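Please read the structure below before turning to the comments.
The values are calculated or read from the model by the stated rules, or taken from the named source; none is laboratory data. Predicted model only: the values in this text are computed from it and were never measured. Every residue, glycine as well, gets a Cβ built from its backbone with ideal geometry; the counts of neighbours run over all protein chains shown. Surface accessibility is based on the protein's heavy atoms, side chains included, excluding ligands, DNA and RNA. Shrake-Rupley method; radii C 1.70, N 1.55, O 1.52, S 1.80 Å.
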Amino acid sequence: MSYLSIEQLDMSFTRGKVSSQVLKGINLRIDQGEFLSIIGHSGCGKSTVLNIIAGLLEPSLGVVILDGKEVSGPGPDRGMVFQNHSLLPWLTVFENVEVAVNKVFKRSMGRRERREWVEHNLKLVNMGHALHKYPQEISGGMKQRVGIARALAMKPKVLLLDEPFGALDALTRAHLQDEVMRIQADLGNTMMMITHDVDEAVLLSDRIVMMTNGPSATIGEILTVDLPRPRDRIALADDPEYNRCRRAVLSFLHDRHRLH
Ligand SMILES: Nc1ncnc2c1ncn2[C@@H]1O[C@H](COP(=O)(O)OP(=O)(O)OP(=O)(O)O)[C@@H](O)[C@H]1O
């Protein structure tokens, strides 16, 4: 059985008497430790898929099963990272992560152990130097690091990343992509990421899920990225398999499923 499976998912939003179908017949199976990206044109329903897995939205039809258990609401077994950091401005970097850790591990970890765990996770994303800074005192990339640390600190079974690097400049983005790859290699996390960036999808993913345009969007194709890890962005620029994958995604998005 797959670690995470999405079975026959349909989603419609209803306003008044008008109902619009956003997703139709989404089926997906994800293995433990896999890195999966979802790519597709704006508005096709990528965030809706992620929000259903997170338990923030209830699907009109179908189920999500994580580690043998049906998803029926939000929970700490699914960590989320959003494009725009969602840190609490009145708490320090340390406290932002601590709030989540206290919520999940108040009973199972002692006070000191929890504090060490918060620090450990912030060090993991190279934020050990800024524990007592407030969100407004750190850069956008640093805020995203804290968001990632906070999600990881809950020891989620799957990490859901909704365009986590979308608001960052190219250099910061590259640094964070490398860090996420390093963390995933170290910890073996199962990750699902939404992106609009073809290079990012190919660099990070084991598989890329390409969605058709809405309404009633579904999975058009799934591409397996057969590149060894660790992956080096510079070396991959001339790699035939890297370029084959890149072309396949670009062709899906721009030739076969262009927006009219
Ligand atoms: N709560 C909601 N109520 C009504 N319609 C919604 C709701 N959430 C999303 N939609 C609609 O569902 C469709 C898919 O939205 P979604 O945000 O999932 O797309 P997306 O692929 O993530 O877009 P983008 O790439 O621009 O972030 C859109 O047409 C959107 O307007």
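Return the residues of segment 38-65 that are in contact with a helix residue (DSSP H, G or I) (Cβ under 8 Å, 6 or more places away or on another chain) and either among the polar types (S, T, N, Q) or away from the ligand (no atom under 16 Å from the Cβ) (or both); say none if nothing qualifies.
Correct list: empty.
Looking at segment 4-17 only, could you name the residues that are open to solvent by 30 Å² or more (accessible area, probe 1.4 Å) and at pLDDT 95 or above?
Listed by number, the residues that qualify are E7, Q8, S12, F13.
Could we say that D226 is part of a helix (DSSP H, G or I), of a type in the set (D, E) and open to solvent by 40 Å² or more (accessible area, probe 1.4 Å) here?
Taking the combined requirement at face value, the residue does not satisfy it.
Answer yes or no as to whether M192 is open to solvent by less than 40 Å² (accessible area, probe 1.4 Å) and either outside any helix (DSSP H, G or I) or outside the structural domain of I39 (by the TED database) (or both).
In short, yes.
For a quick check of your reading of the model, give me the residue pairs whose first member lies in segment 65-87 and is hydroxyl-bearing (S, T, Y), whose second is in a loop (DSSP other than H, G, I, E, B) and open to solvent by less than 50 Å² (accessible area, probe 1.4 Å), with beta-carbon atoms closer than 9 Å and at least 6 apart or on different chains.
Taking only residues 6 or more apart or on different chains, the pairs are S72/G55.
Return only the number of the condition from (1) within 16 Å of the chain's Cα centre (by Cα); (2) within 16 Å of the ligand (Cβ to nearest atom) that H85 does not satisfy.
If we test H85 against (1) within 16 Å of the chain's Cα centre (by Cα); (2) within 16 Å of the ligand (Cβ to nearest atom), just (2) comes out false.
Quick test for you: out of E119, E98, pick the one residue that is touching a Gly at 6+ places or on another chain (Cβ under 9 Å) and open to solvent by less than 90 Å² (accessible area, probe 1.4 Å).
Answer to the check: E119.
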